[in-house]
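The values are calculated or read from the model by the stated rules, or taken from the named source; none is laboratory data. Computed from a prediction, not measured in an experiment: that's the story for all the values here. As a convention, Cβ positions derive from the backbone with ideal geometry for all residues, glycine included, and neighbour counts pool all protein chains shown. Quick note on the areas: whole protein, heavy atoms, side chains included, nothing else; ligands and nucleic acids left out. Shrake-Rupley method; radii C 1.70, N 1.55, O 1.52, S 1.80 Å.
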Amino acid sequence: PLASALVKLYTKAGDDGTTGLLFGGRVRKDSELPVAYGTVDEAQAAIGLARAHAEDGGELDTMLIDIERDLYVLMAEVATAPDNRHKLTDETTRVTAAMVSRLEGLIDATTERFDMPTEFVIPGNTVVSAHLDLARTVVRRAERLAMAVTDDPSQVVPYLNRLSDLLWALARWQEGDHLISRQRGTST
């Protein structure tokens, strides 16, 4: 009785190599939309890994949770066929300019916390910063893939662009005074 009331995780609908889109339609799993939103999903997981190493309930943890929630909105937009995008709702299933602006505010506030490096830095000085840098690279890949599936006036690409900048800044903030530059034997 109880087992029959449980919803099964698998549907078998994707066994034919297709996946359903938000607001209807099916596409191959290797088509541009699922590849793009799948990469955003990967970025979200990488951010979650960084968050798992951050102080529970701390400022970084809270900031990253908000970003992970934003990425659900972004994935919803990308997981919608272009002919159904008129059905999207701002900040629920559609990324807005205000969401991009919020990231810009976070970037500005974060970069005030450390001296900007004067040359490239070597990732990996702390566990948290290493995970943030890894997340940043996944976000950059998602940004490149999103370019093929979004058009103006979508804010998906600007959001991902700012997010990668924010993740870089957060990584530098988390490194504190322990930045290592690309030049051998130097720290900043």
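Taking each residue as 0.36 nm, the span from residue 27 to residue 72 lengthens on full extension beyond its C-alpha to C-alpha distance by 14.2 nm. Using a Gaussian network model of the chain in which every pair of alpha carbons under 10 angstrom is joined by a spring, one finds that among 19, 150, 11 the greatest mean-square fluctuation is at 11. The range 125-164 and the range 1-79 have Cα centres spaced 15 Å apart. Taking 0.36 nm per residue of separation and subtracting the current Cα-Cα distance, fully stretching the chain between residue 101 and residue 116 would add 3.3 nm. With contacts taken as Cα pairs under 8 Å at a separation of at least 6 residues, the chain carries a relative contact order of 24 percent. With coordinates expressed along the principal axes, the C-alpha atoms belonging to the chain extend over 59, 45, 28 Å, beginning with the largest. Here the ratio of the Cα radius of gyration of the range 14-67 to 2.2 N^0.38 Å is 1.54.
The Cα atoms of the range 53-117 cover 46, 25, 18 Å along the three principal axes, with the biggest extent listed first. Note on residue 122: accessible area is roughly 70 Å² with a 1.4 Å probe, heavy atoms of protein only. Using 0.36 nm per residue and subtracting the Cα-Cα separation, the extra length available between residue 81 and residue 56 on full extension is 5.3 nm.
Counting only alpha carbon atoms, the long axis of helix 127-146 and the longest principal axis of the chain meet at about 50°. Gyration tensor over the Cα atoms of the range 78-175: the corresponding equivalent ellipsoid has semi-axes (square roots of 5 times the eigenvalues, largest first) of 29, 14, 10 Å. Peptides 89-99, 152-162, ordered by how many other C-beta atoms sit within 10 Å of their residues on average, highest first, read 152-162, 89-99.
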